[in-house]
Amino acid sequence: MTESIAATLGTSLVQSRLDYANSIMYGMSPSNMHKLQSSAQNSLTRVVLPSLYLSASERPSYLHWLPVHYRLQFKMATLTYRTLATCQPTYFHDLLQVYQPSRALRSSTQQLLHVPYMSTDFGRRAFSYSSPATWNPIPNSIKNCSSLHSFKRHLKSYFIAQLIKN
């Protein structure tokens, strides 16, 4: 089996399961996130790339896979972009509120969303909190992309740059 076929097969099997359950995983503790990263994604990279001598942290980047933490943010940001661009689905669009400062501030031109106060960790997993919390730190140049494909490409590049920086 070639490396590209193995990567495609691995992506469709494990990565799709991670994407399917990402709404449940948002706000998960760092220790549980690390367990998921090492048990699911890093194990899969060893199966996909058995002959390469790369460390566990280098293998996902070699395959252009985002770590689980960034995959969750990527999916949340993509859903937020779709919701803001099309106003669909309405039940998500109704949960998002554009940030309106009380006076003229530099932040008023940054397409920020209002992050509601949540006192519990469980409340912070709600779409009304997690979506703005994920959306607001994204640079405006990415938020202003004209298409979903362009948005995803620039967002993934941004997250990879964040990985390299850290």
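Each reported figure results from applying straightforward, stated rules to the coordinates on display, with no laboratory input. These figures come from a predicted structure and were not determined experimentally. Note that each Cβ is placed from the backbone with ideal geometry, even for glycine, and that neighbours are counted across all protein chains shown.
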9 Å beta-carbon shell around CYS145, net charge (K/R +1, D/E -1): +3
Amide H within-cut-off set for LEU113, under 5 Å, with H built and near neighbours excluded: TYR99, ASN136
Rg and Dmax of the chain, Cα atoms only, in Å: 17.5, 61
Separation of alpha-carbon centers, region 35-56 and region 121-166, rounded to whole Å: 25
Residue among ALA133, ALA40, ALA77 with the largest mean-square fluctuation in a Gaussian network model of the chain, springs linking Cα atoms under 10 Å: ALA40
Vicinal HN-Hα couplings computed from phi for region 71-86 (Karplus, 6.51 cos²θ - 1.76 cosθ + 1.60; Hz; Gly/Pro x): 5, 5, 5, 4, 5, 5, 5, 5, 5, 5, 4, 4, 5, 6, 6, 10
Added length on full extension, which subtracts the Cα-Cα distance from 0.36 nm per residue, SER141 to ILE5: 45.6 nm
Equivalent ellipsoid semi-axes, region 1-65, via Cα gyration tensor eigenvalues times 5, rooted, Å: 22, 14, 8
